[in-house]
Amino acid sequence: MSSIRIEEVKGGEEERRRISVHSHIRGLGVVNGKVEKIAGGFVGQVEAREAAAMVVKIIKAGKFSGKGVLIVGPPGTGKTALAIGIARELGADTPFVHLNAAEIYSVEIKKTEFLMRALRKAIGLRIREWRRVYEGVVKSIEFKYGKHPYNPYIQVPVGATVKLKTTDEEKILKVPQEIAAQLIELGISTGDVIMIDEETGRVIVEGQVQGEGEEQYDIYVKHRLEVPKGPVHKEKEITRFFTLHDLDLYQARQQGLVSAMLFGVFTEEKEIPSEVRNAVDNFVKETVDKGNGELIPGVLFVDDAHMLDIETWAFFTKAMEMEMSPIMIFATNRGITKIRGTDIEAPHGIPLDLLDRLIIIRTRPYNEDEVREIVSIRAREEGVKLDNDALDYLTKIGVENSLRYAIQLLTPAQIRAKEQNRSNVTKDDVEYVRKLFLSLRESVEYVKQHEELFLK
Ligand SMILES: Nc1ncnc2c1ncn2[C@@H]1O[C@H](COP(=O)(O)OP(=O)(O)OP(=O)(O)O)[C@@H](O)[C@H]1O
Ligand SMILES: [Mg+2]
């Protein structure tokens, strides 16, 4: 179908997750098409969530590529939480790349290469292909072992015999070493529904059928499936998902430009040449034009965007005009501030020509009830049992200092309660840990008070 051979990457490079403090956010809390005041782990901030839900709709309709969103609001008002809510709503089929702006200063590859990779990880291609495959439930599987070519003491699989069954027939297949090795690696056993690609020999596990007399579990790791219908050997439409960055890596590897995969991990310090990316872009266009696949623009989320410097802003401005570009979401808590790398002041530290293209969502400070609700949701999420007056006190701290500070006190307070042999956190526990850990405001005051004692 094309000049690019597509292979699967094992272990892939999974998006690093930094959402533990937002683990209670399950989505934007849209119920029956409306944003509920408290839902999906979200409390209040209804306007911003409604705007975010609208953005999700536009993205899903495929109408948002090349556009950008800016989320602005004071610290701790849920900007990052909002972006995570968007990611959750978009679901696993839409790529979502989460960067912190400060990251670009610590990468070992060139900054533009890092940014380009981030952009390309945020664009997906879903490919549909008709392939000749063998498909069925594994009825039996037997491996044939032989001597290792260099080490006679080691036995290696040299082939296997697999019996596959559908509702219509049963076929016994003799498969070579490469396929046998995959069967072992994937841990295939009887009852698994598998598919073997005739041309490439790639084995895909589709799921598992429930066998007779088999142990009943409450949780199944594999999809529960019916026995496939029709013949074992057939033509079948297969859908596969890749990001443009995945495709860049395959292409680079085929040209010997990226060192081989070692233990499932790419060594990626090299820059991917633009010829490789051009070849991939052409392949993508061709695939889409022929109707064999669709492009899925995802989201590149850049948190704490005021940390970006002028060069990076220039890169993003240009990127937004590229033919294939993801939706960019930026978040910041800064007002008028210097654009990093210049002496120019601008709203949110963002160059005006880019700012002009962004639609802006605002998050507002919380009232007391909202703070109370968020603190109790977080406490539940972390398994912290709060007495009523402990919750009251944390709410007060959240209002007077910051929501984040109140949330951060939960774990220390729980540790202190345990040390006192209590399972409930009392107001006394909160008061105790509150003295141990300063809030940002207190820390600034403290430094000011004793300015002459600090190193300059
Ligand atoms: N409306 C909300 N509902 C539920 N949880 C919230 C809400 N707003 C914030 N939180 C939680 O409060 C904490 C602080 O919020 P978050 O980190 O999103 O703030 P932020 O606006 O990104 O702040 P900063 O400007 O400092 O980055 C997080 O744990 C977040 O999940
Ligand atoms: Mg944030």
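The values are calculated or read from the model by the stated rules, or taken from the named source; none is laboratory data. Model, not experiment: these values are computed from the prediction. No Cβ is skipped: glycine too gets one built from the backbone with ideal geometry, and neighbour counts run over all protein chains shown.
Rundown of residues vs (1) touching a strand residue (DSSP E or B) at 6+ places or on another chain (Cβ under 7 Å); (2) in the same structural domain as Q408 (by TED's automatic domain parsing); (3) away from ligand 2 (no atom under 16 Å from the Cβ); (4) at pLDDT 90 or above, yes/no style:
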site	(1), (2), (3), (4)
V43	no, no, yes, yes
E47	no, no, yes, yes
K67	yes, no, yes, no
G76	no, no, no, yes
A83	yes, no, no, yes
K110	no, no, yes, no
F114	no, no, yes, yes
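Can you tell me which of E345, E373, E368, E419 is loosely packed, with under 14 Cβ neighbours inside 10 Å, within 16 Å of ligand 1 (Cβ to nearest atom) and over 26 Å from the mean Cα position of the chain (by Cα)?
Working: E345 fails: within 16 Å of ligand 1 (Cβ to nearest atom); E373 fails: loosely packed, with under 14 Cβ neighbours inside 10 Å; E419 fails: within 16 Å of ligand 1 (Cβ to nearest atom).
Matching residue, one of E345, E373, E368, E419: E368.
Would you check if Y393 is away from ligand 1 (no atom under 15 Å from the Cβ) and either under 23 Å from P74 (Cα atoms) or over 26 Å from the mean Cα position of the chain (by Cα) (or both)?
Numbers: away from ligand 1 (no atom under 15 Å from the Cβ): yes; either under 23 Å from P74 (Cα atoms) or over 26 Å from the mean Cα position of the chain (by Cα) (or both): yes.
It is true that Y393 is away from ligand 1 (no atom under 15 Å from the Cβ) and either under 23 Å from P74 (Cα atoms) or over 26 Å from the mean Cα position of the chain (by Cα) (or both).
Just to confirm my filter: which helices (runs of 4 or more DSSP H) fall fully inside the range 408-454 and include at least 1 residues that are farther than 20 Å from G383 by Cβ and among the aromatic types (F, W, Y)? Outline the logic, then answer.
Numbers: elements: 410-419, 427-436, 440-449.
Hits in the range 408-454: 440-449.
Under 8 Å by Cβ, and 6 or more places apart or on different chains, what pairs join a residue from the range 299-310 that is more than 14 Å from I84 (Cβ to Cβ) and acidic (D, E) with one that is more than 11 Å from ligand 1 (Cβ to nearest atom) and part of a strand (DSSP E or B)?
Here the result reads D309/R340, each pair linking the range 299-310 to a residue that is more than 11 Å from ligand 1 (Cβ to nearest atom) and part of a strand (DSSP E or B).
Can you tell me which residue in the range 255-294 is farthest from the chain's Cα centre (by Cα), limited to those that are modelled with pLDDT under 70 and at positive phi?
Among residues in the range 255-294 that are modelled with pLDDT under 70 and at positive phi, the one farthest from the chain's Cα centre (by Cα) is G256.
Tell me whether the range 141-159 contains one or more residues that are farther than 23 Å from I184 by Cα and either surrounded by 15 or more Cβ atoms within 10 Å (Cβ to Cβ) or away from ligand 2 (no atom under 16 Å from the Cβ) (or both). First the steps, then the outcome.
Looking only at the range 141-159, we keep the residues that are farther than 23 Å from I184 by Cα, and these are none.
Scanning the range 141-159 turns up no residue that is farther than 23 Å from I184 by Cα and either surrounded by 15 or more Cβ atoms within 10 Å (Cβ to Cβ) or away from ligand 2 (no atom under 16 Å from the Cβ) (or both).
Pick out the one residue from I123, I86 that is surrounded by 15 or more Cβ atoms within 10 Å (Cβ to Cβ) and under 30 Å from E400 (Cα atoms).
Working: I123 fails: under 30 Å from E400 (Cα atoms).
Sole residue among the options that is surrounded by 15 or more Cβ atoms within 10 Å (Cβ to Cβ) and under 30 Å from E400 (Cα atoms): I86.
Any idea which residue in the range 51-65 is farthest from ligand 2 (Cβ to nearest atom), counting only those that are in contact (Cβ under 8 Å) with a residue 24 or more places away in the chain and in a loop (DSSP other than H, G, I, E, B)? Working first, answer last.
Initial filter on the range 51-65 (in contact (Cβ under 8 Å) with a residue 24 or more places away in the chain): 51-53, 55-56, 59-60, 62, 64-65.
Remaining after also requiring in a loop (DSSP other than H, G, I, E, B): 62, 64-65.
Details: G62: 28, F64: 22, S65: 25 Å.
Out of the qualifying residues, it is G62.
Looking at the range 295-316, which of its residues are over 14 Å from A118 (Cβ atoms), at pLDDT 90 or above and more than 16 Å from ligand 2 (Cβ to nearest atom)?
D309, I310, E311, W313, A314
Pairs, please: C-beta under 7 Å, at least 6 apart or cross-chain, first residue in contact (Cβ under 8 Å) with a residue 24 or more places away in the chain and assigned to a loop (DSSP other than H, G, I, E, B) and in the range 330-346, second away from ligand 1 (no atom under 16 Å from the Cβ) and of a type in the set (D, E)?
From the range 330-346, the pairs are G341/D309; G341/E311.
Just give me the residues in the range 84-99 being touching a residue at least 40 places away in the same chain (Cβ under 8 Å) and either within 14 Å of ligand 1 (Cβ to nearest atom) or on the phi > 0 side of the Ramachandran plot (or both), in sequence order. Step through it out loud before you land on a result.
The first filter runs over the range 84-99 and keeps only residues touching a residue at least 40 places away in the same chain (Cβ under 8 Å), leaving 84-90, 93-99.
Matches in the range 84-99: I84, G85, I86, A87, R88, H98, L99.
Looking at A102, A81, A48 in this structure, which one is near ligand 1 (Cβ under 8 Å from one of its atoms), under 28 Å from R441 (Cβ atoms) and part of a helix (DSSP H, G or I)?
From the options A102, A81, A48, the qualifying one is A81.
Return yes or no: is I71 within 16 Å of ligand 1 (Cβ to nearest atom), part of a strand (DSSP E or B) and closer than 21 Å to L355 by Cβ? Give the steps one after another, and end with the answer.
On the way: within 16 Å of ligand 1 (Cβ to nearest atom): yes; part of a strand (DSSP E or B): yes; closer than 21 Å to L355 by Cβ: yes.
Against the criterion (within 16 Å of ligand 1 (Cβ to nearest atom), part of a strand (DSSP E or B) and closer than 21 Å to L355 by Cβ), I71 qualifies.
Residues that are of a type in the set (S, T, N, Q), touching a helix residue (DSSP H, G or I) at 6+ places or on another chain (Cβ under 9 Å) and modelled with pLDDT under 90: does the range 324-342 have at least one? Break it down stepwise before answering.
Step one: list which residues in the range 324-342 are of a type in the set (S, T, N, Q), which gives 325, 332-333, 337, 342.
When the remaining residues are screened for being touching a helix residue (DSSP H, G or I) at 6+ places or on another chain (Cβ under 9 Å), the result is 325, 332-333, 337, 342.
Pick out the ones that are also modelled with pLDDT under 90 and you get 325.
Among the residues of the range 324-342, at least one is of a type in the set (S, T, N, Q), touching a helix residue (DSSP H, G or I) at 6+ places or on another chain (Cβ under 9 Å) and modelled with pLDDT under 90, which makes the answer yes.
The conditions are (1) more than 16 Å from ligand 1 (Cβ to nearest atom); (2) under 21 Å from V56 (Cα atoms); (3) buried (at least 21 other Cβ atoms within 10 Å of the Cβ), and I361 fails exactly one of them. Which is it?
Result: I361 passes all but (1).
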